[in-house]
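Have a look at the structure below, then the notes.
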Amino acid sequence: MKKAQIQIGETIAVLFVFFILIIIGFVFYVNVIKSNIDIEKEELSQLRSVGISQRIMFLPEVQCSEDNIIIDNCIDILKLEYAQSVMKENEIYYYDLLEFSDVSVLQVYPDEAKWSLYSRKTDDFSSRFVTNVPVSLYNPATRKHGFGILTIETLFK
Amino acid sequence: MEILGLAIVIVLILVATIFVVRFLVLKSPTDYRKGFVSSELASNMLNTFLKTAAKDCSQLTITELLQDCSQARSITCDNEDDSCKHTESIAKNVFTQTLDKWNMQYEFLAYTDPKSPLIKLGKPCRAEKRSKIFPIPITTATMYTKLDICG
């Protein structure tokens, strides 16, 4: 074999190794970028979940008020019962606000009771968050407060 | 000499890989929800609890029962419990169905003097905690209710 042929062989071998390294580097880079996108997607889903929870906590359809003054962290039981049917009838409007989520209110004290406020779920979700918020359940008929839990389950594709 | 060059290149690639793995691949998502949930939980839990009306005690609120508990203890509820005992049993009932159910450690205290609390539920937090103190006015001084949620 001539010297020139050996050098060509060497160059091809070096180029082969070089391209293998480039491919490995590229695959690694793509995986890193993919994992970063997943992390950002997860963080964004969390922020959206917090946003939906806050929207529900301050929903005028169920919020307590006395002399037109809104009471924070309080749900009016009478409003809640009516809001259930209103939200069912206007599902598309509430989907814009609450997306894929399940909202229910559970009275813990004095007696156990449960209301399902909104439910639109999907089986095709990638992240799911459940937020429990203690709320006061106001009965305008007796003017007394009970202890309840507002459970907000949010699902994201 | 060529081998030395190759060794340097490999070392540089290794350093770069370790750097990328440490800062990019092992990066965990920031838990934005945790801050929101724990801050809402401690304050809402206490606010809501204090407003709640006791069904077997003339519909008095927990705040009113605690005020009596720290002073005369003149209120006797339908089940013959005094205000302190009744408040403690309601608190136990509520926390069992909420914080205990969600596997959250907590400490609930109602006191005028922190060294001798009138009501004490749960265990003290060993590390990080979210705390909420709510003052309640009484004739002689001020009493406090405090809820620590651990983690």
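What follows draws every value from the coordinates through simple rules; no lab data is involved. These numbers come from a predicted model, not from an experiment. Counting neighbours? That spans all protein chains shown, and the Cβs are built from the backbone with ideal geometry, glycine included.
Of the trypsin sites (Lys or Arg not before Pro) in the stretch B:43-151, the ones in a loop by DSSP (not H, G, I, E or B) with at most 12 other beta carbons within 10 Å are B:LYS101, B:LYS115, B:ARG126.
For chain B, the relative contact order comes to 19 percent (Cα pairs under 8 Å, sequence separation of at least 6). The trypsin sites (Lys or Arg not before Pro) found in the stretch A:48-128 that occupy coil by DSSP, while having at most 14 further C-beta atoms within 10 Å, are A:LYS121. Annotation: amide H of A:VAL108 within the under-5 Å range of A:PHE147, A:GLY148, A:ILE149, sequence separation 5 or more or interchain, hydrogens built in the peptide plane. Across q = 0.07, 0.11, 0.13 Å⁻¹, the protein assembly as shown modelled as identical point scatterers on its alpha-carbon atoms has Debye log10 I(q)/I(0) values of -0.44, -0.79, -0.99, in the order of the q list.
A convex hull fitted around the alpha carbon atoms of chain A yields 152 Å³ per residue. The shape of the stretch B:33-150 comes out prolate: with a ≥ b ≥ c from the C-alpha gyration tensor, a/c is at least 1.5 and a/b beats b/c.
Counting Cβ atoms of other protein chains within 10 Å of each Cβ in B:46-56 and taking the mean gives 6. Summarising the amide proton neighbourhood of B:ILE136: residues at separation of 5 or more, or on other chains, whose placed amide H is nearer than 5 Å comprise B:MET143, B:TYR144, B:THR145. Loop-located chymotrypsin sites (Phe, Trp or Tyr not before Pro) in the stretch A:57-157 (DSSP state other than H, G, I, E, B) with a sparse environment of at most 13 neighbouring Cβ atoms within 10 Å: A:PHE58, A:PHE125. The relative contact order of chain A, computed from alpha carbon pairs under 8 Å that lie at least 6 residues apart in sequence, is 20 percent. Dipole magnitude for the protein assembly as shown: about 1160 debye, using +1 per Lys or Arg Cβ and -1 per Asp or Glu Cβ, origin at the Cα centre.
By the combined test of axial Cα extent (at least 20 Å) and Kyte-Doolittle hydropathy (mean at least 0.5), the qualifying DSSP H helices of chain B come to B:2-20.
Less than 5 angstrom separates the built amide H of A:PHE100 from those of A:LEU155, all sequence-distant by 5 or more or on a different chain.
When shorter helices are ignored and each DSSP H run of at least 4 residues is given -39500 (n - 2.57), the per-residue value for chain A at 222 nm works out to -17000 deg cm²/dmol.
According to the square roots a ≥ b ≥ c of the eigenvalues of the Cα gyration tensor, what is the shape class of the stretch A:1-56, taking rounded for a/c under 1.5, prolate for a/b larger than b/c otherwise, and oblate for the remainder? It is prolate, given that a/c is not under 1.5 and a/b is the larger ratio.
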